[in-house]
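The values are calculated or read from the model by the stated rules, or taken from the named source; none is laboratory data. Since we're looking at a predicted model, the values are computed, not measured. Neighbour counts run over all protein chains shown; Cβ positions are idealised from the backbone, glycine included. Note: areas computed on protein heavy atoms with side chains; ligands, DNA, RNA excluded. Shrake-Rupley method; radii C 1.70, N 1.55, O 1.52, S 1.80 Å.
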Amino acid sequence: MRRRVLPGLPLALGITLVYVAIIVVLPLAALVFKAASLGPEDYWRIVSSDRAFASYRVTVLCALAATVFNLVFGLSLAWVLVRYRFPGRRLVDALVDLPFALPTAVAGIALTTLFATNGWFGGPLSLLGIKVAYTPLGIIVAMSFTSIPFIVRTVQPVLEELDPALEEAGQTLGASDLSIFTGVILPLLAPALLAGVSLSFSRSLGEFGAIIFIAGNQPFSTEITALLAFIRLEEYDYPASAAIASVMLLTAFVMLAVTNFMQARALRYTARG
Amino acid sequence: MKIRLTNVVKEFQTFRAVHGVSLDIESGELVALLGPSGSGKTTILRMVAGLEYADGGAIYFGEENATDIPVRERGVGFVFQHYALFPHMTVGENIAFGMKVSKVKRSPEAIAKRVAELLDLVQLGGLKDRFPGQISGGQRQRVALARALAVDPRVLLLDEPFGALDANVRRDLRRWLRKIHDELGITTLFVTHDQEEALDLADRVVILNKGKIVQEGTPETVCRNPADAFVMNFLGDANRLDADIRGGKAYVDGVAFEAGGVADGGGQILFRPADVTWHEEGQGIAAKIVRVIDRPDSRRVLALTGSGQPVEFDTAPEFPYGKGEEGFLDIRRPRAYPAA
C-alpha cells in the first residue's frame, strides 16, 4: 500500500461509513422495503389516489412559491448584510439563523397566532380580504420562514468573496447598474443561488412541524404530503405511509440530481483546460 | 486627450489620502505615478477614473470639467492590478462586454470584428474561447487591456498593471505596453511602486509621498537631480551619512563635499553604491570592511566609517579585500540635503 502522510484513513473512513449506513441509509432502506411490501397495483393505487395527488399539488406549488419568495428576499437580505454597514447588522445576521434554531412547531404556533384573523397581521389582512392562516398562503408563509436561512447562508459567502473590482470594471466599461447585476453579479452568484434554492425547496417539501399548525389541514386543499404520510401512520397503515413517503424520497433524489447538473453547468468556466 | 488636475484633495474617514495635487498630462503622453504604498497614487488614479469622488479640486479632460462625470460616462479605460476579468465569460466575451452594454448599438458582426482586431493587437489570436481561469497571468492582463481599449477610451489608466506578475513576464509586458502606446497614441497614466518599471516605461515620472507630489519630470531629470532625500532613496539603493553643513560644504569625518544651496547646520549626504571607490591609502573617509557579498556581476562590500556609520558599495568581481581590512572611501556624485 502507498504510504500516506496523513494518518487515520482506515479508522476515519470506517467510522464515517458505518455512521452513514446506520443513520442515513438504513432508515431509507427500511422505508423502501416497507413500501415494496405492497404489490405494484396497491402501491400505485395509494400514491396516485386523488387525495395523495391533491397533497402533492399543494405541497409542490406552495414550496415553489415559498422558494421564489426566498430567492428574491434571501438574495436581498444577503446583499444588504454583505454590502452595507449599519447599526444592528450583526443582530440581523444572527437572526437569520433563528428559523434553524427554533423548534418548527413553535414557529408554526407563532405564525398561526400572528396570522389568524384575530392576530396582529391576520386582523389587518382580513380587512383587506386576505386570509392567510388555514389557507395555502399560510403554508407558503410557514415554508418561507423555515427555509430562508438556506438561501442567505449559501449566497452570503460567495457575495463576500466577489471582487469589487469586477463591478468597477463593468462601470468603467460603461455598463449600467442593471447590466452589471444581470451580466456580472448574477451569473457569478448562480451556483450558490442554485444550491440555496434546491436546499430551500427540499426543506419546504419536507417541512411538517411549522405547517400543520397554520395550514388547517383540509384534505384536497391544505393537506401536505408529509401530513398525509403521518395520518396513514396514525392509522397503523405502515405500507401506505411508506409508499407516500417513498414518493417524497424520490422527489428529493431527482431534485438533488437536477441541481447538481445545473450547478456543474453554471460552474463550467472554472474547469481548467 | 489632455488631463489636468487642479489642487485635488481626497480624505478618507480619518486620514488625508491626497493633499492638493495638481498635475498636467499632455495628450498622448505616458505618465507614471510612482510612490510607496500609502502615497495616494492609486487614489489619484481612481479619482481620474471616477471610481472615487474628489473631496476638493477639479479634474479636467481637455477643456471639459470631468470632476462630477460618473465613471460610466467618463470614457476611461481602466486596467486593474488583479485583472478583474469576468470569470464566467470567455476572453472574447470579456472584450465584447463594453461594446454590448454600450448605448451606441453595434451589430454582432461589428463587435466580432472589433474583438478579433483587439485580440490581434494584444497577440492573443487563438485564445478567444478560453475562460480567464485557463490562461496565464500575463495573458489575462493583456485581455484586460484589450477589454479596456474596446470601448475607445479617451484616457487609459492602469493600476499597478504588472504588480501580480513574475519578474521576466513583467519586463516583456512593459516593453510591449510601450509599443502599444506608441502605436495608439492614447494618453496613458499608470500607477506603480516599482521605480524600475516607471523609469523603463514612462515619458514622465510623477513621484508621490504622503499624498503630495515631491518631484515630477523625465526619468533623466528625476534620476540625475533628485529633489530631496526621499526621492534619492526611493529611486534606488542609497548610502546616507550624517554631515555638518558649513558655508556650502558638507563635512563627514573631516572630509568636505560640495553642498551648494543647503543651509548651514545638520545635514546628510547621499550617494549610490556604484559611486564609491575603495583605496588602501590616500584621501577619502576612513572605513573598515565588515562583510563582502558576492553577486553574479559584482561584489557588494559592507563597511563601517571611522565614526561607525554603515556604507555599502559595489566593486568589480576581482575586488581582493575582505573582512577586517581598512582603507578609504572615495565618493563620487554625492548629494547633500538638510537633515531629515
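Counting just the residues of region A:118-162 that are assigned to a helix (DSSP H, G or I) and within 14 Å of another protein chain (Cβ to nearest Cβ), which one comes out least open to solvent (accessible area, probe 1.4 Å)? That would be A:158. Just one of the listed residues (A:230, A:253) is modelled with pLDDT of 90 or more, assigned to a helix (DSSP H, G or I) and of a type in the set (Phe, Trp, Tyr), namely A:230. Based on what the data block shows, is residue B:208 open to solvent by less than 60 Å² (accessible area, probe 1.4 Å) and over 12 Å from the mean Cα position of the chain (by Cα)? No; evaluated as a whole, the condition is false for this residue. Of the residues making up region A:90-117, those that are in a loop (DSSP other than H, G, I, E, B) and over 18 Å from residue A:148 (Cβ atoms) are A:116, A:117. Only strands (runs of 3 or more DSSP E) whose full extent lies in region B:25-120 are considered here, and the ones with at least 3 residues that are open to solvent by 10 Å² or more (accessible area, probe 1.4 Å) and more than 14 Å from chain A (Cβ to nearest Cβ) are B:56-61. Only one entry of A:54, A:110 meets the criterion of being at pLDDT 90 or above, within 30 Å of residue A:238 (Cα to Cα) and not β-branched (Val, Ile, Thr), and that entry is A:54.
Kindly indicate whether residue B:140 is in contact (Cβ under 8 Å) with a residue 40 or more places away in the chain, within 14 Å of chain A (Cβ to nearest Cβ) and open to solvent by 10 Å² or more (accessible area, probe 1.4 Å). So residue B:140 fits the description; yes.
When we screen A:55, A:76, A:49 for residues that are out of contact with any helix residue (DSSP H, G or I) (no Cβ under 9 Å at 6 or more places or on another chain), within 25 Å of residue A:221 (Cα to Cα) and not charged (D, E, K, R), the only hit is A:49. Note on region A:240-273: among residues that are under 17 Å from residue A:190 (Cα atoms), among the hydrophobic types (A, V, I, L, M, F, W, C) and open to solvent by 80 Å² or more (accessible area, probe 1.4 Å), the one that is nearest to the other protein chains (Cβ to nearest Cβ) is A:262.
Yes/no matrix, rows are residues, columns are (1) surrounded by fewer than 11 Cβ atoms within 10 Å (Cβ to Cβ); (2) more than 26 Å from residue B:226 (Cα to Cα); (3) not β-branched (Val, Ile, Thr):
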site: B:288; (1), (2), (3): no, yes, yes
site: B:295; (1), (2), (3): yes, yes, yes
site: B:303; (1), (2), (3): no, no, yes
site: B:307; (1), (2), (3): no, yes, yes
site: B:313; (1), (2), (3): no, no, yes
site: B:320; (1), (2), (3): yes, yes, yes
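Scanning region A:212-231 for residues that are more than 18 Å from the chain's Cα centre (by Cα) and either more than 18 Å from residue A:122 (Cβ to Cβ) or polar (S, T, N, Q) (or both) turns up A:217, A:218, A:219, A:220, A:221, A:222, A:223, A:228, A:229, A:230, A:231.
All of A:195, A:175, A:210, A:165 fail the test of being at the interface with chain B (Cβ under 10 Å from one of its Cβ atoms) and in a helix (DSSP H, G or I), apart from A:165.
The condition (being in contact with a Leu (Cβ under 9 Å, 6 or more places away or on another chain), closer than 22 Å to residue B:233 by Cα, of a type in the set (A, V, I, L, M) and assigned to a strand (DSSP E or B)) is satisfied by just one residue among B:311, B:301: B:311. Listed conditions (1) surrounded by fewer than 21 Cβ atoms within 10 Å (Cβ to Cβ); (2) at pLDDT 90 or above are all met by residue B:12, apart from (2). Candidates in region A:63-89 are the residues that are assigned to a helix (DSSP H, G or I) and without any contact (Cβ under 8 Å) to a residue 60 or more places away in the chain; of these, the one that is surrounded by the most Cβ atoms within 10 Å (Cβ to Cβ) is A:68. Selection of first residues in region B:325-340 that are closer than 25 Å to residue B:291 by Cα and of second residues that are of a type in the set (Lys, Arg), restricted to Cβ pairs under 9 Å at least 6 apart or on distinct chains, gives the following pairs, ordered by first then second residue: B:325/B:288; B:326/B:288; B:327/B:288; B:332/B:272; B:333/B:272.
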